[in-house]
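This report concerns only the one structure given below.
The values are calculated or read from the model by the stated rules, or taken from the named source; none is laboratory data. All values derive from a computational prediction rather than experimental measurement. Please note: Cβ atoms are built from the backbone with ideal geometry, for glycine as well, and neighbour counts cover all protein chains shown.
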Amino acid sequence: MAGRPMGKLHQEDVRRKIQASQLLNVLQDHALNDGSEISMSRLKAIEILLKKSLPDLSAIQIDQGNGDDASVADVVRAFHERRASGS
């Protein structure tokens, strides 16, 4: 069964997402599984590549429909505060 041909831009987008996922896996392994030590140069390289691959969520605004905009960080903070208070 032949798949639908992918355009060059789609292939590059998929490749970029896979590479970003691999970088995140390195960081998660280090943080969560006490993985191998990461050198400062490798950490900086990962940071630079992720900034080019993933959106900065702190810059995204959420339109709440009532004229008030909130950043993703504000929404996450409010969610955690509500959970902590039991609401």
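Points worth noting:
- Across the stretch 43-76, the qualifying residues are those that are part of a loop (DSSP other than H, G, I, E, B) and either surrounded by 10 or more Cβ atoms within 10 Å (Cβ to Cβ) or not polar (S, T, N, Q) (or both), and the one among them that is modelled with the highest pLDDT is L54.
- Within the stretch 7-37, considering residues that are of a type outside the set (S, T, N, Q) and not in a helix (DSSP H, G or I), the one modelled with the highest pLDDT: E37
- Taking (1) more than 12 Å from the chain's Cα centre (by Cα); (2) surrounded by fewer than 12 Cβ atoms within 10 Å (Cβ to Cβ); (3) modelled with pLDDT under 85 in turn, M40 satisfies each apart from (3).
- Tabulated pairs, the stretch 9-27, first farther than 23 Å from I38 by Cβ and not assigned by TED's automatic domain parsing to the domain that holds L50, second among the hydroxyl-bearing types (S, T, Y) and surrounded by fewer than 14 Cβ atoms within 10 Å (Cβ to Cβ), C-beta under 6 angstrom, 6+ apart or interchain: none
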